[in-house]
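To keep things clear, I will list the structure first and then write my remarks on it.
Any read-out appearing in this document is the output of simple, stated calculations on the displayed coordinates, not a laboratory observation. Everything numeric here is computed off the predicted structure, so don't read it as measured data. No Cβ is skipped: glycine too gets one built from the backbone with ideal geometry, and neighbour counts run over all protein chains shown.
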Amino acid sequence: MTHPTALVQRVLGQYQRRVNLNVILASGLGLGCLAALLWRLARFGMSPWGLGAFGGAGLAALTWWQGQRFKRERVSHLEELDRTLALQARLLTTVEFSETAHPPLLYPTLVQDTEHTLSRVEQRLPRLTTRSTITLLVMLALLLGWPWPRSSPMRLAMQTPAGGQPPHPPFSPPPEQAQEQTSQNQPQSQPGGGSTQSPQSQGGQQRETSVGQSSGQSERQQAGRSSETRDQGAQGRQAQDQTGSRNDTEPSSARDDASSASRDAGERRDSSQRPQQAQAGDDRSTQPDRSQQQSQSSRQAAQQRAKGSQRDTAKTGSEQDRQQGANNAAASRQGSADTQATPRDGHEGTASSPLAQGGGSSQSQDLLKADIQHLLKELSGELQTLQEELAARQEDLSAAPPGTTTDPELYGEASRVDRPTGNALPIQLGVDTNPTATSRRGGGVGTPSGRTSSASPQQPLEAVSLSEETTDEEAVHRQSIPPEYQPVFERLSPSQEPQ
Amino acid sequence: MQPEEFRKTFQALQAELANVIVGQQDVVEELLVAFFAGGHVLLEGVPGLGKTLLAKSFANTLGLPFGRIQCTPDLMPADIVGTDLVVERDGRKLFEFAHGPVFTHILLADEVNRATPKTQSALLEAMAEQQVTVSGKTYRLEEPFFVIATQNPIEMEGVYSLPEAQLDRFLFRIFVTYPSSDELGRILRQTTIAEVPTVSQVLPPEQARAWILNARRLVREVLVARPIEEYVVRLVSATRPDGAASSQQLAQRFIRYGASPRGAQAILMGAKVLALVRGRVNVSFEDIDEVIIPALNHRVVLSFEAEAERRTAPDLLRELTDPLRASR
């Protein structure tokens, strides 16, 4: 028979280990959630100070919560065990009587019972997967995967090459820092090309080059690229070419609109395209002649396609103008995105890009055509969106100020109401038999007829007849006076008749 | 006897009584607990709740001799304990003791508060010491001796409230409450048909007495740890106005006299039986908590202020013991 104290120590050790494991698991999951949340916030552009403050607060809250949880778990589970198994009283009694010289009669039974109870305690140890653990697990999964965008951590982790470094989160430094970085980068980027770029696109380039510099090392080291990466690089280059040609020919006002749009678009641009576009730009910088030829041919094709799409979508003259502006904006957005790809180092380009390798070949031409078609599809979609937005704004402008007009569709269509026919009051309550000398409303002048309307309810006559049996109750006679007392009654009341 | 055998028999008794007594599981359990703890019970409730039926059915399930006293104002002590009669034997006239109804194993004193205090006091010696004295001669009552007294709390005229000394003799005072709507429906369906349910004996008649005595001995063997004993002491002390408990102000205000040591004994004995019924051989705090109210509610004498504020003994006991229960 195991000594009760050893039993208790063993079970309590198991219990303590389980509680510790539970808290450690929940803490790990909580830290994971916090890290994923911080990553998400960083993706949304939260400043480092904000991220630090948020992370610190989250860490403090997590520490406090787990501390409270640890205390609560330790106490609440023991209380539950005590309540369900009466553990405390059993252990107290067992330990107390284990030290007596002559144990009571039921002591062996108590020890057996305690052992059995402790074995049940081992089955009732705190579970590792509690409700909060599961909740944290679900939260972590949501934070990592949902809504499964291209930029979700899981997706990016899967896209990251085995030997490469993961992509850096977008980091937009303050404008002053960006200016400084741009001024440092400009001498490097100018020899690589892009001399024909407009000031607007240069602004986009400045912003993006600063971003590129902050994460430039890892971007430059990306040697292997997928076909998607190549496509995006080609798209960016084509758009830059378009922007370059448009900026030469478009009026300055349209360029201003386009530049503002391009700044917005440059900020919204997916970061996953940036290193690829930069790589494409590097490729172009290594082979300037080929890329120049490509840009000329692609510029012509894109202009033709864009004009065709403009003809299709434009319906009115004013709309056409607006569409032109929007087209410029979209094109300059592409251009600004492409300006990110401005080469910084002339020797960075590698021969891995098919565009760089065989720009003049038929395969690359086909790829280029496919890229242009894809780009034009995107352009036409954006144009349609912009058209819808413009139409909505026009409607807003043409609408009268609130409170000055009545909405014609405020009420529904009028419906015909059937007038009631016949007697409005089916039951005639009574007839006024008094003559009237003056006219009453709806009553007329004269003596009422006294007749009752036929529409009034009538009571059917019932066939009744009187019963022949009388319902009169018989007279109740008093109790007769016994004969022996009759004289007494007669004497007392001579006038009373005996009954 | 093994604790498991006791537990099974106890549950069988409960189940058998449930055939006749619809609902009132707590009342039945407390009655059985008091019986195996070696005490007596006072059933209190309005007429028609099945108090007498419960007592009779209980005696039938055990198969023990059963006596009944219908207490009335003209009931004399000799009608309970017995008297000496003059008998002629062998040509000589002798006094011979005629045993009263108290000489039985299970005694039902129906409407005990209708008997005069003199008659009620005749039960005192029998209940406390399990013996009666008639004409200077003491007669021992046979074990087990169990008194079930019933009383109606709403009668004011022609009743004599039991004195505190006699109330203290009862291990438990059990309040029989109205049945719920469902239980009332079951009572109607069960008692207004041709075949009225009856109880059958759980214990063999020839072994019943020995078995009960063994069971009572087993109950006394149940282990109680020192902290639990101290808890009982604190509970009983809390009911005294001069006690040192944290709820002393409440006790001073509403209680004139607190529970006696017999109250502590009643708590512990009842808890021991409950421990066996719950499958343990040691008393736990929960067992103590379960028997506090039935064991103490008739042992505290309320003050005038408590009666003026319509405070009842069970409510006060709960208020007094709650802080102790939380801090144990």
Reduced to Cα centres, the span from the stretch A:364-380 to the stretch B:42-67 in Å works out to 99 Å
Between beta-carbons, use under 11 Å as the cut-off and find the net charge around A:Thr133, counting Lys and Arg +1, Asp and Glu -1. +3
Average partner chain C-beta neighbours within 10 Å, per residue of B:221-230? 5
Before rounding to the nearest 500, sum -39500 (n - 2.57) across all DSSP H runs of length at least 4 in chain B and divide by the residue total; then give [θ] at 222 nm in deg cm²/dmol. -14500 deg cm²/dmol
Of B:Lys8/B:Lys56; B:Lys56/B:Lys118; B:Lys8/B:Lys137; B:Lys8/B:Lys118; B:Lys137/B:Lys272, those spanning more than 30 Å from alpha-carbon to alpha-carbon: B:Lys8/B:Lys137; B:Lys8/B:Lys118; B:Lys137/B:Lys272
Taking A:Lys377 as the anchor, which lysines have their alpha carbon closer than 25 Å to its alpha carbon, excluding any fewer than eight residues away along the same chain? A:Lys307, A:Lys315, A:Lys369
Residues whose modelled amide H sits under 5 Å from the amide H of B:Leu223, counting only those 5 or more places away in sequence or on another chain, are B:Asn282, B:Val283
Roughly how tilted is helix B:117-129, in degrees to the nearest 10 and between 0 and 90, from the longest Cα axis of chain B? 80 degrees
For peptide B:271-282, compute the average count of partner chain beta-carbon atoms within 10 Å of each residue's beta-carbon. 4
Residue-averaged beta-carbon neighbours from other chains (10 angstrom radius) around B:73-83: 0
So for the pair A:Lys71, B:Leu213, with labels modelled 7 Å out along Cα→Cβ, what separation do we get in nm? 5.8 nm
Going by average Cβ density within 10 Å per residue, which order do the peptides B:283-290, A:466-473, B:69-76, A:19-26 take, highest to lowest? B:283-290, A:19-26, B:69-76, A:466-473
Looking at the square roots a ≥ b ≥ c of the eigenvalues of the Cα gyration tensor of the stretch A:4-155, which shape do they give, rounded for a/c under 1.5, prolate if a/b is larger than b/c, or oblate? prolate
Using Cα pairs under 8 angstrom and six or more residues apart, how large is the relative contact order of the stretch A:4-155, in percent? 42 percent
Write down, largest first, the equivalent ellipsoid semi-axes of chain B in whole Å, where each equals the square root of 5 times an eigenvalue of the alpha-carbon gyration tensor. 32, 25, 22
For chain B, find the longest principal axis of its Cα atoms and tell me its angle to the long axis of helix B:313-326, 0 to 90°, nearest 10. 50 degrees
Suppose each label sits 7 Å from its Cα in the direction of the beta carbon; what would the A:Phe54-B:Glu164 distance come out to in nanometres? 7.2 nm
Defining a contact as two alpha carbons under 8 Å apart and six or more residues distant in sequence, what relative contact order in percent does chain B show? 22 percent
